[in-house]
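Asker: Before I ask anything, let me first share the structure, which is written out below as structure tokens.
The values are calculated or read from the model by the stated rules, or taken from the named source; none is laboratory data. This structure is a prediction, so every number in the text was calculated from the model and none was measured. Cβ placement follows ideal geometry from the backbone for every residue including glycine, while neighbour counts extend to all protein chains displayed.
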Amino acid sequence: MSAAIEATGVRKRFGDVVALDGIDLRVEAGTVYGLLGPNGAGKTTLIRSLVGLVRPDAGDLHVLDARMPDREVLRRIGYMTQAAALYADLSVEENVRFFTRVLGGGDIEAALRFVDLWERRRSLVATLSGGMKTRLSLACAIVHRPRLLLLDEPTVGVDPQLRVQLWNGLREMAAGGTTILVSSHVMDEAERADRLGLIHAGRLLAEGTVGELLAMAGTDRLEDAFLTLEARAS
Amino acid sequence: MSLRRTFAITTRLLAQFRHDHRTLGILFVTPLLILGLFALLFRTDAPVPHVGLVVTSSPVADVIAGALDESDALATERLSTAADADARLRDGLLDAYLVLPAVDGEGVLRPQVVVEGTDQQVATIVPAALQRAVLSGLASFAPTTPLGGAVAPPRIEPKVRTLYGNGDLDALDVLGGPFIGLVVFLLVYVVTSVSFLRERTLGTLERLMATPLRRTEIVVGYMLGFIVVALIQAAEVLGFALLVLGLYNAGSVWLIFGLEVILALTAVNLGIFLSTFARNEFQAVQFIPLVVVPQILLSGVIVPVSAEPEWLQVVSNVLPLTYAVDALREVMLRGSDLSVAAVQLDVAVLIGFCLLLVVAASATLRREVA
């Protein structure tokens, strides 16, 4: 398998704060990779560097065979920011249409059906609930059928039922060949990923399938595994 | 009413101010800046108009011209012909000129006063100075005939004419043109800076920067969007000013319209550029007294740039609005078109500012997300 993401020795500091402290990460194409860690671990900085929003101080980043920063490869990436970034004074459909124009095409109806918002397409975003906004934000990130989908804490504020739905949808996309990187600080959710990376203080503590991580730590709960591996690292 | 709860609000508010140094700065620095500018602009001596004198030598004319030369209200310069004076007035080297001919056959002296016409102060100072010179001149004018009899002083009937305008431009005619520019500039600036700030704070800009969009595409896209709005606004404002308010206009409406559009585009880019330095809409609005008010004061709308202290003129000359105000006056009051050097300079400088701000605005996008 080829890698959709390959990061080597990526470092980034903001003033005195070391956000990324030598990250090595490889995500195989067509898999769902969970980036797991507490708030402030460096998840968002890593994702932002993958789309060229952060220029690392050191290290190498290859995304879909392009060396970042590379503007053209962004066409094949979907990026969903942590806070739903939408135009509140436009309708649901107008928001998605704007992104298809910027990204060079896409299927608006399919994207809105995927997040179950097709019936609400004429509603103004300002009138949507928090969960609906999150779903619309996802629709804007997938409308152009990206090869790589980067989701920064996509399920925050999404109710459990919908969360199951979203994960099923993501698995479906992965089966269709899309690589998905999901960050989260919720442990149980991460278990749905093919592989997990535990990130803490800008470093990748451990990496593997859920089973491998549990074995590594000698625990039977992912939460305990994280704590054990974190204690071992420091 | 609980004092404790009330004070909770008060102390929280003051604590917020303590953390927001920029707001404190604007609250305490801007008033001094604006009042200081007011003082510099308005506590100046009345302008001393530069007046050309074309004198056909005669006892009466010489006495009057002498009195004018000595007047503190005018700076005079003797010229040989009226044509020369007229050319100098058109070139802006003179504010007015005065032709003192010989007493005519009917025993009447008919001085001609020609003022430039777009500066109301000059238009009142020059005829008033002439009147004083005539009075003081005639008081000392007591020649005698060879036979010893007194000669009656000639009657004096001055005629005042303006080079530009219809001779009775009122304050609105003079201020109105530049104000058209001001209104467009101010509103477009405010709307752009707030809407672009929302793009930054709501995270949509971050998302756009993670797409193949180029920075200049974002800035130019914004510009085009605002052109549409600015065109409609410019047409509306101009139509209202000319048709409803009856503003004097001697120039091309299309040229005025074009100037407004360039000004609006400059304002769009200034808005995008300055939105980098604000963290929220509140702060963006705070920039208005800091950025916009001094520009209005210094652009020559209210007090001519030439009447400012010299160091302040340097500041005025690096503000885009100064050139827009000058161009609008040239066109509307003097009827100048693009073949006039002054208008060419103004338009070139405005386009230059606009392009400079496109680059600056694009550059701030990188700063924001890198």
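Asker: Can you tell me which of (1) surrounded by fewer than 21 Cβ atoms within 10 Å (Cβ to Cβ); (2) modelled with pLDDT of 90 or more; (3) within 13 Å of chain B (Cβ to nearest Cβ) is the one residue A:96 doesn't meet?
Answerer: Every listed condition holds for residue A:96 apart from (1).
Asker: Follow-up. How about region A:99-140: which of its residues are in a loop (DSSP other than H, G, I, E, B) and within 13 Å of chain B (Cβ to nearest Cβ)? Steps first, answer last, please.
Answerer: First pass over region A:99-140, keeping only residues in a loop (DSSP other than H, G, I, E, B): A:104-107, A:115-117, A:121-123, A:128-129.
Selection gives A:104, A:105, A:106.
Asker: Only one of these is buried (at least 17 other Cβ atoms within 10 Å of the Cβ), part of a loop (DSSP other than H, G, I, E, B), more than 14 Å from chain B (Cβ to nearest Cβ) and not charged (D, E, K, R): A:30, A:34, A:52, A:40. Name it.
Answerer: Details: A:34 fails: part of a loop (DSSP other than H, G, I, E, B); A:52 fails: more than 14 Å from chain B (Cβ to nearest Cβ); A:40 fails: buried (at least 17 other Cβ atoms within 10 Å of the Cβ).
So the residue among A:30, A:34, A:52, A:40 that is buried (at least 17 other Cβ atoms within 10 Å of the Cβ), part of a loop (DSSP other than H, G, I, E, B), more than 14 Å from chain B (Cβ to nearest Cβ) and not charged (D, E, K, R) is A:30.
Asker: On the given criteria, is residue B:266 in contact with a Lys or Arg (Cβ under 9 Å, 6 or more places away or on another chain) and hydroxyl-bearing (Ser, Thr, Tyr)?
Answerer: Numbers: in contact with a Lys or Arg (Cβ under 9 Å, 6 or more places away or on another chain): no; hydroxyl-bearing (Ser, Thr, Tyr): yes.
Taking the combined requirement at face value, the residue does not satisfy it.
Asker: When region A:62-85 is examined, which residues are found to be assigned to a loop (DSSP other than H, G, I, E, B), within 7 Å of chain B (Cβ to nearest Cβ) and crowded, with 17+ Cβ neighbours inside 10 Å?
Answerer: Result: A:81, A:85.
Asker: Only one residue in B:260, B:206, B:236 is within 14 Å of another protein chain (Cβ to nearest Cβ) and either at negative phi or in a helix (DSSP H, G or I) (or both). Which one? Talk me through it step by step, then tell me what you get.
Answerer: Values: B:260 fails: within 14 Å of another protein chain (Cβ to nearest Cβ); B:236 fails: within 14 Å of another protein chain (Cβ to nearest Cβ).
After ruling out the rest, the residue left standing is B:206.
Asker: Kindly provide the set of residues from region B:228-247 that are in contact (Cβ under 8 Å) with a residue 60 or more places away in the chain and either touching a Lys or Arg at 6+ places or on another chain (Cβ under 9 Å) or surrounded by fewer than 19 Cβ atoms within 10 Å (Cβ to Cβ) (or both), ordered by number. Break it down stepwise before answering.
Answerer: Quick first cut of region B:228-247, residues in contact (Cβ under 8 Å) with a residue 60 or more places away in the chain only: B:241, B:245, B:247.
Listed by number, the list holds a single entry, B:245.
Asker: Just checking, how many residues over region A:113-138 are more than 17 Å from residue A:155 (Cα to Cα) and in contact (Cβ under 8 Å) with a residue 24 or more places away in the chain?
Answerer: The first filter runs over region A:113-138 and keeps only residues more than 17 Å from residue A:155 (Cα to Cα), leaving A:113, A:118-127.
Right, trim to in contact (Cβ under 8 Å) with a residue 24 or more places away in the chain and you get A:120-126.
Selection size over region A:113-138: 7.
Asker: Among the strands (runs of 3 or more DSSP E) confined wholly to region B:70-129, which include 3 or more residues that are out of contact with any helix residue (DSSP H, G or I) (no Cβ under 6 Å at 6 or more places or on another chain)?
Answerer: Working: elements: B:75-78, B:96-100, B:112-115.
Those strands (runs of 3 or more DSSP E) span B:75-78.
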